[in-house]
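Colleague: Supplied in structure tokens, the structure appears directly below.
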Amino acid sequence: MGGTASHNLPKELLSEYQELTFLTKQEINEAHKKFCQLQGRETGPNERVSMQNILTLPELKSNPFRERICHVFSTSDRKDGSLSFEDFLDLLSAFSDSATLEIKSHYAFRIFDFDDDGTLDGGDLRKLVNCLTGETDDACLTPEEMRQLIGNILEESDIDKDGTVNLSEFQHVISRSPDFVSSFKIVL
Amino acid sequence: MELREIHNQVHPPPDYNISPYGSQRSLRLRTVPAEDTSAVHFDWASTPENAEEPDEPRNLRELPLHMGLKRAVWQVQKMRVPVVSRWGSWRIKQSKTFHHLFEIAKEVFSYVVPWKRGIQKIGGHFGGGVQSYFLFLRFLVILNFLSFLLIAAFVLSPSIVFRSTGFNSSIPLSVNLTSVDKCLQYDPKPDPLAVFYTYFLDLVSGTGFMEYSYLFYGYYNNTMVESKGFSYNIPLAYLSTAAFYFLFCLICMIIRMGSVACAVVATGGGAVGRYSMLVFTGWDHGLQGDRSAKLKQNNIRYQLQVDLEEERLQRKAASLTLGQAIALYALRFFLNLVVLALIGGTFYGIAEVTQFSQSEKTTGFNGLLLQYLPSIVITTSNFVVPLLCDKIALLEKHSPSTTVILALLRAVFLRLVSLGVLLYTLWAQITCIGETSSLDCTPCGYNYENYKCWETRVGQEMYKLTLFDFLITIATLILVEFPRRIIVDHCSCKLAQWVGRQEFLVPPNVLALVYSQTVVWSGALFSPLLPLINTIKFILFFYCKKITLFQNCQPALRTFRSTSSNFFFLLVLLFGWMLASVVLIYSVAKIHPSYGCGPFRFSPSMWHIVPEAIDMLTSTSKDFLFYIGSQKFSIPLFIISCVLLCYMGALTSVHGKSVALLKSQCKLEQRDKQFLVRQIEELNATMQKELNEPQLPQRDTEQFYQTEQQWNGQNNYAFIPDEDQRLDRLTVH
């Protein structure tokens, strides 16, 4: 695995990653370069890059969902959002140009599921809207508006009327949006 | 029953290790959940097995698992040797090769397509709406360039070759030309002793040395070469190239629109919830930088607040009294009349000015101004009238989205129809308003006095429109946008702050592109090099707009929704194409070509060259072509296309109905489930009462209420609490 800086990936590994992700060869090499740069700042010979360092990437720095993204793609046992190189590739693959709608909607659902319980309930939606509008006092909606908004969202997308949006209902909404695939994109 | 099958696919029967995306095909993989079981954490790594699949490597990428699991699945797949027949294995090999080639083609394509990085950067800083404008511009550049290659290959190069090698065999005359003697006179050769500045005037207005050049129709000859088994008919090539150019553009536009239409058919075109759409798909992850992120957040908040406000107002407005409703509709009717009057006045002005500029003949700078008068009037009206229409639309008190769409439609109508008015006026002057038997048009079939070579004149008008549009854009950039930024940045007076930095508004810019493209299409028959000029113009536009975007503009607070508007832009482009094709068809079929110039000089109409060429073919080809053109072929073809259209419509409605059915089914099932859960709770309660009669009943029931709330609060298919745990808890007491 790409542990030391400025070493290119071996060819078999490269083709294996090409097989398992939606990324092209150039994109994988580019990702490797960036990852090695981030690793350079890590203390100790870890394979994983801590969440702080990942969040210094310009593509993620101002994204309000950056921490959720790191948590979703991280396979670390300590649940600290640190990413290995393969986690990083998974992230880029889900956010790439050629990823399918199903993959993107699946990961979008997991990113929005703040309490990781498999559904989007009122609390998740509230946190989601706050991320979208900004957290500061003058930026977020009034409680009245928030209540109206969440009621409207649940009315529109909660098909079985159980008070939460599950993955199928979420994907149903997403499939009608022509914008989603092009906006759910991060390219290095 | 079909519905049950669909139901079982979408909601597989509950399984303890169920995954929420049960409908996707995947292999079974049992992994031990590593998380602690105290909090309700969902195990996304376990998947049920739904069907045995023939191996398809592409599905591996579509598994939403992390890399380690995907690799394990891949190993299992590799070890499993599928038992397929020779035919099956050959097919699999072919599909693998095909996919490999497809990947290579995509990589090559990504190298060839220009400006990828630039457009990505624009999207990162200004969002999807502005990016869609640049993507549209790039599409038009590529379209124009390919059209130019088409024209260069079939019309330009042969003409250059034949002219330089001195082939001069022309089509034998089959027309008595003595009566139209004076129509043959056409001498555009420039005066060699002209003053220097006339060269500049000629360059800008397409007259003089530019008139008799490859740029315009008049320079091409009606050469027909036949030697040593090689034959080339320039008039036929000219006409066919123009026809194929139009068809090619139509196909490109339809392909681009097709993907959006597919989505509509597949989902049954049902109404979309706008709040869910905005909240779930509103964030653009490609944005970079704190400033753009903050602006996007402001944008989303603004949109949400506006929508919520609109809904509150709508609820209030639904209770309008009869008198108020009448007043509102009367106001809207009146304002629509005002808009129509404005637009009508513009058209009248354009017609008058065109007539005036065509009839006067002065030279020098005044002459130049006169020649450019139609362009000036069109551009001014295209700037002023939409502004007024915007203000009027605000008075009409529609919802914000309706207001934007109305304003756009009016602007589109204005632009395209003003071009149409210009063309109509030209036509009226050239053909004496269609009466070819009137005095001015008698011997030649067109107004010979004013238009010795009318095709070149039309070409010149289109050339002037294109050039003027370009000059105005560059002038606006230099004289308006840069100074505005400098003033706003350095002057701290209130007026400057109120005016603020320029906003890059997408719809007017896109309409400008559509207008330029329509002008080029209308003029392509008369000026074959116009697509090349347009390519260069659009390339310069790209760089200029990019510079002004980054230097002078701030991102718009209220952005235009990018992909539904993409479809709208292409639709408007299609309208422009239709206008241009009307021009093409009419000039090819009806108006008599000039006697003095061009490749069609001795035919009664441009179309005439085609039957003559077909006559020279063998009889089988002729029969075949006649059959295709006859009613026996075209009517069944028309009927079949109607049937196909009806089929697509029926498919859409069926999908919509099945979506509605499935939704109501989901609702019913959820209610059934809640009913059953309540039954279970009640049964448990009575069971507990019987078991714990002597002990503390209070605490037990409290515990039950707690678990009941927990259950109701997270009541959905994806989360099934571990029933073993609950039973354990129950039996403890």
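Here, each number is a calculation from the coordinates, and none is a lab measurement. Remember, predicted model here, so these are calculated numbers, not experimental data. Here the Cβ positions follow ideal geometry from the backbone for every residue, glycine too, while neighbour counts run over all protein chains shown.
Colleague: Which loop GluC sites (Glu not before Pro) in the range A:97-188, with loop taken from DSSP, have no more than 15 other Cβ atoms within 10 angstrom of their Cβ?
Modeller: Numbers: sites: A:E102, A:E135, A:E144, A:E145, A:E155, A:E156, A:E169; in loops: A:E135.
Of the GluC sites (Glu not before Pro), the ones in loops of the range A:97-188 whose Cβ has at most 15 other Cβ atoms within 10 Å are A:E135.
Colleague: Something else now. Out of residues 5 or more away from B:Q502 or on other chains, whose amide H comes under 5 Å of its own, with H placed 1.01 Å from N in the peptide plane?
Modeller: B:Q554
Colleague: Which of the trypsin sites (Lys or Arg not before Pro) across the range B:60-97 are loop residues per DSSP, with 13 or fewer other Cβ within 10 Å?
Modeller: B:R80
Colleague: Then there is this: At 7 Å along Cα-to-Cβ for each site, give me the label-to-label distance between B:E103 and B:A261 in nm.
Modeller: 3.3
Colleague: May I pose another question? Take peptide B:292-298, look around each residue's Cβ out to 10 angstrom, count Cβ atoms belonging to other protein chains, and average those counts.
Modeller: 4
Colleague: Would you please name the chymotrypsin sites (Phe, Trp or Tyr not before Pro) within the range A:95-139 that are DSSP coil residues with at most 10 other C-beta atoms within 10 Å of their C-beta?
Modeller: none
Colleague: Tell me the net charge near B:Q371. Cut-off is 13 Å between Cβ atoms, B:Q371 excluded, with +1 for each Lys or Arg and -1 for each Asp or Glu.
Modeller: -1
Colleague: Compute the distance in nm between two label points, each set 7 Å from the Cα along the Cα-to-Cβ direction, one at B:S319 and one at B:S664.
Modeller: Distance between label points: 3.1 nm.
Colleague: Let me ask something additional. Under 18 Å from the Cα of B:K663, which lysines turn up, not counting those fewer than eight places away in the same chain?
Modeller: A:K161, B:K673
Colleague: Can you give the FRET efficiency to the nearest 0.05 for A:L13 and B:E352, using r as the Cβ-Cβ distance and R₀ = 51 Å?
Modeller: With R0 = 51 Å, the Cβ-Cβ based efficiency is 0.10.
Colleague: Exceeding 22 Å between C-alpha atoms, which entries from my cross-link table qualify? They are B:K121/B:K546; A:K25/B:K546; A:K79/A:K127; B:K361/B:K537; A:K185/B:K545; A:K34/B:K78.
Modeller: Correct reply: A:K25/B:K546; B:K361/B:K537; A:K185/B:K545; A:K34/B:K78.
Colleague: Pairs of alpha-carbon atoms within less than 8 angstrom and 6+ residues apart define the contacts here; what relative contact order does the range A:28-157 have, in percent?
Modeller: That works out to 16 percent.
Colleague: On to the next question. Compute the distance from the alpha-carbon center of the range B:370-409 to that of the range B:69-88, in whole Å.
Modeller: About 62 Å separates the Cα centre of the range B:370-409 from the one of the range B:69-88.
Colleague: Assuming R0 = 41 Å, what is the FRET efficiency of A:R41 and B:L574, from their Cβ-Cβ distance, to the nearest 0.05?
Modeller: Approximately 0.20, to the nearest 0.05.
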